[in-house]
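Engineer: Encoded as C-alpha cells, here's the structure I'll be asking about.
The values are calculated or read from the model by the stated rules, or taken from the named source; none is laboratory data. None of the values given here were measured: they were computed from a predicted structure. Every residue, glycine as well, gets a Cβ built from its backbone with ideal geometry; the counts of neighbours run over all protein chains shown.
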Amino acid sequence: MTALEQSRHLATAIPGPRSEELLARKGAAVARGIGNTMPVYASRAFGGIVEDVDGNRLIDLGSGIAVTTVGNASPRVVAAVAEQAQHFTHTCFMVTPYEGYVAVAEALNRLTPGTGEKRSALFNSGSEAVENAVKIARTYTRKQAVVSFDHAYHGRTNLTMALTAKSMPYKHGFGPFAPEVYRAPLSYPFRDAEFGGKELATDGELAARRAITVIDKQVGADNLAAVIIEPIQGEGGFIVPAEGFLRTLLDWCRDNGVVFIADEVQTGFARTGAMFACEHEGIVPDLIVTAKGIAGGMPLSAVTGRAEIMDAPHVGGLGGTYGGNPVACAAALATIETIETDGLVERARQIETLMKDKLGRMQAEDDRIGDVRGRGAMIALELVKPGTTEPDAELTKAVSTAAHRAGVIVLTCGTFGNVLRFLPPLTISDDLLLDGLDVLAEALRTL
C-alpha cells in the first residue's frame with residue numbers, strides 16, 4: 001500500500017459527506033442493533049492512523065478494540081496473508097489439516113505462562129474461545145458451575161452473556177441465559193476504597209477472601225468447574241485488581257480442584273507490557289483464552305492450557321468449520337514474529353510511562369479525573385462528578401464525542417459508562433500519541 005502519513009488531519013467536518021452517504025446506506029441495509037462508535041467510514045489504515053473516505057486522518061487510540069496491536073496493515077502480517085491466500089484460503093483443519101494451525105499452537109504453548117506440557121485449540125472469536133474453555137473445564141472436572149466476577153465482560157453468545165456482568169447493551173432483552181453461572185465480587189481498588197476502606201482497596205488477598213466467601217456460600221467447590229477472570233478487566237473499566245487478588249484466587253482453585261481460566265482476550269499479546277497480563281503477578285492459569293491481538297486483525301482465537309485439562313474432551317468434541325483458518329494462522333505467526341522481533345513488549349511499557357505521566361498531570365489539575373489506571377498500552381481515565389467518586393457518564397460521552405470531532409478515536413467503557421479507555425497500537429509514535437492526548441486534554445478543558 002502507499003504510505004499513509006502518520007499525522008492527524010481534518011479535511012472535512014466529522015462526519016464528512018461520503019461518510020454521511022454511507023451512514024444513510026447503513027441505516028437502510030444493516031440491522032439496527034449494530035452500533036458504531038464513530039460516524040466515519042474507514043478507507044485505509046496504517047500504524048497509528050485511520051483515514052476515512054473523506055480524507056480525514058484520525059489518530060487511532062482504539063486499535064479496533066485491542067486488535068491491531070502491531071499496527072494496522074502491519075507489513076509482515078500483510079505479506080503473510082497474501083502469501084497464504086495464494087496457496088489456499090480454507091480446507092477445514094478437521095478435514096485436511098495444515099501446518100499453520102500446528103505452528104500457531106506450538107507458538108501459544110511456548111509463549112503462555114508456565115513451563116509444563118500444554119495443548120492449544122483454535123477458534124474464531126473471543127466468545128467462542130471462552131465457551132470452549134468452559135466446555136473443557138466441565139469435561140475435566142465433571143462439575144458444572146462457573147463463577148465470573150462483577151464488571152466482567154466475556155462475550156455476546158448465550159453462555160458468555162451469562163458470564164458478562166453488564167446488562168445494557170450486552171444482555172438486555174436476550175435472556176434466558178445459560179444456567180449454573182454465578183458471580184463474585186472483584187477487587188476494584190478505586191471503588192473498594194469508597195465502600196470498604198483503604199485496606200480492602202490495597203490488600204488483594206483480603207479482597208480475594210471476600211470473593212471466596214461468596215463462592216463458598218453460593219456454589220461450593222464441590223460443584224464448581226471453573227473460575228474465569230480477566231487479569232485486567234476490559235469492558236468493565238480497565239480495572240486492575242489489587243496485588244495478590246489473582247494469586248489468592250488461583251491458590252484456592254488449586255486447593256479445591258477448580259479450573260482457573262484467565263480471559264486474556266483483551267490483555268494478551270504485549271498489550272499490557274508483558275506478553276500476557278498474568279505475568280505481572282507471576283501466576284500460571286490452568287487455561288488461558290486469547291483472541292483480539294493474536295492475528296493482527298484477522299479473526300482467530302485460542303484456548304491454551306495444561307495438557308491433561310485440554311485433552312479431557314473426547315476426539316471430535318472440540319472444533320468448528322473456520323477455527324484456525326489458514327490465512328488467520330499465517331497472520332498470527334507474523335504478528336507474533338513482529339512482537340518479538342520489534343520489541344513491542346518493551347514498547348508497551350514505554351507507552352505506559354508516557355501516558356501515565358501526561359494523564360497524571362491532568363488528574364492533578366482536574367478533580368473530575370477520579371482515577372488513572374492500567375498497564376502498558378491499556379490505560380484508562382475514570383471520570384467523576386467534581387470532588388466526589390460519583391460516576392459521570394455524561395461528561396465521559398461529551399469528552400469522547402469532542403475527541404472524535406477533532407480527529408481522535410477514543411473508546412469508552414465501564415459498568416457506569418464513565419471510563420475513557422486507551423488502546424493505542426504499539427507502533428504509534430510518541431508525537432502522534434501526545435497529539436491525541438492533547439486533544440483529550442483540550443476537550444476536558446472546554447467542557
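Engineer: Looking at segment 190-201, can you tell me whether even one residue there is outside the structural domain of G414 (by TED's automatic domain parsing), touching a residue at least 40 places away in the same chain (Cβ under 8 Å) and under 21 Å from the mean Cα position of the chain (by Cα)?
Structural biologist: yes
Engineer: Considering H314, H280, which residue is surrounded by fewer than 20 Cβ atoms within 10 Å (Cβ to Cβ), under 17 Å from the mean Cα position of the chain (by Cα) and not assigned by TED's automatic domain parsing to the domain that holds M355?
Structural biologist: H280
Engineer: Go through segment 407-440 and give me each residue that's surrounded by fewer than 19 Cβ atoms within 10 Å (Cβ to Cβ), more than 28 Å from M275 (Cβ to Cβ) and among the small types (G, A, S).
Structural biologist: Residue satisfying the conditions is G417 alone.
Engineer: Return yes when G360 is surrounded by fewer than 20 Cβ atoms within 10 Å (Cβ to Cβ), modelled with pLDDT of 95 or more and part of a loop (DSSP other than H, G, I, E, B) and no when it is not.
Structural biologist: It is false that G360 is surrounded by fewer than 20 Cβ atoms within 10 Å (Cβ to Cβ), modelled with pLDDT of 95 or more and part of a loop (DSSP other than H, G, I, E, B).
Quick grid of which residues meet (1) among the basic types (K, R); (2) out of contact with any Phe, Trp or Tyr (no Cβ under 8 Å at 6 or more places or on another chain); (3) assigned by TED's automatic domain parsing to the domain that holds G64:
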site: D216; (1), (2), (3): no, yes, no
site: V227; (1), (2), (3): no, no, no
site: G236; (1), (2), (3): no, no, no
site: E243; (1), (2), (3): no, yes, no
site: R247; (1), (2), (3): yes, yes, no
site: Q266; (1), (2), (3): no, yes, no
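Engineer: Could you identify the single residue in E365, E340 that is surrounded by fewer than 18 Cβ atoms within 10 Å (Cβ to Cβ), farther than 23 Å from V81 by Cβ, among the charged types (D, E, K, R) and without any contact (Cβ under 8 Å) to a residue 60 or more places away in the chain?
Structural biologist: E365
Engineer: State which residue is surrounded by the most Cβ atoms within 10 Å (Cβ to Cβ) when the search covers only segment 136-151 and only residues that are assigned to a loop (DSSP other than H, G, I, E, B) and in contact with a Gly (Cβ under 9 Å, 6 or more places away or on another chain).
Structural biologist: Ranking the qualifying residues of segment 136-151, first place goes to H151.
Engineer: Please find, within segment 317-329, the residue that is nearest to G293 (Cα to Cα) out of those that are aliphatic (A, V, I, L, M) and under 23 Å from the mean Cα position of the chain (by Cα).
Structural biologist: In this case the residue turns out to be A328.
Engineer: Against the definition (of a type in the set (S, T, N, Q), surrounded by fewer than 19 Cβ atoms within 10 Å (Cβ to Cβ) and either free of Cβ contacts under 8 Å to residues at least 12 places away in the same chain or touching a Lys or Arg at 6+ places or on another chain (Cβ under 7 Å) (or both)), how does T401 come out, yes or no?
Structural biologist: Yes: the conditions hold for T401.
Engineer: Sort through E199, E205, E131 and tell me the only one that's over 20 Å from E230 (Cα atoms) and of a type in the set (D, E).
Structural biologist: Step by step, each of E199, E205, E131 is checked, and only E199 is over 20 Å from E230 (Cα atoms) and of a type in the set (D, E).
Engineer: Residues of segment 313-346 being touching a Lys or Arg at 6+ places or on another chain (Cβ under 8 Å) and part of a loop (DSSP other than H, G, I, E, B), which ones?
Structural biologist: Correct list: P313, G317, L318.
Engineer: Looking at (1) without any contact (Cβ under 8 Å) to a residue 12 or more places away in the chain; (2) in a helix (DSSP H, G or I); (3) among the charged types (D, E, K, R), which is the one condition that is false for E128?
Structural biologist: Looking at each condition in turn, E128 falls short on (1).
Engineer: Could you check how many residues of segment 93-115 are outside any helix (DSSP H, G or I) and within 27 Å of the chain's Cα centre (by Cα)?
Structural biologist: So the count comes out to 5.
Engineer: In addition: Which of the residues that make up segment 152-206 are part of a helix (DSSP H, G or I) and touching a strand residue (DSSP E or B) at 6+ places or on another chain (Cβ under 6 Å)?
Structural biologist: Scanning segment 152-206 gives A162, L163, F190.
Engineer: So which residues in segment 249-261 are crowded, with 22+ Cβ neighbours inside 10 Å and within 26 Å of E199 (Cβ to Cβ), if there are any at all?
Structural biologist: L249, L250, C253, F260, listed by residue number.
Engineer: Could you list, ordered by first residue, the pairs with Cβ atoms under 7 Å in which the first is in segment 33-46 and of a type in the set (A, V, I, L, M) and exposed (fewer than 13 other Cβ atoms within 10 Å of the Cβ) and the second is modelled with pLDDT under 95 and not in a loop (DSSP other than H, G, I, E, B), at least 6 apart or interchain?
Structural biologist: Pairs found: none.
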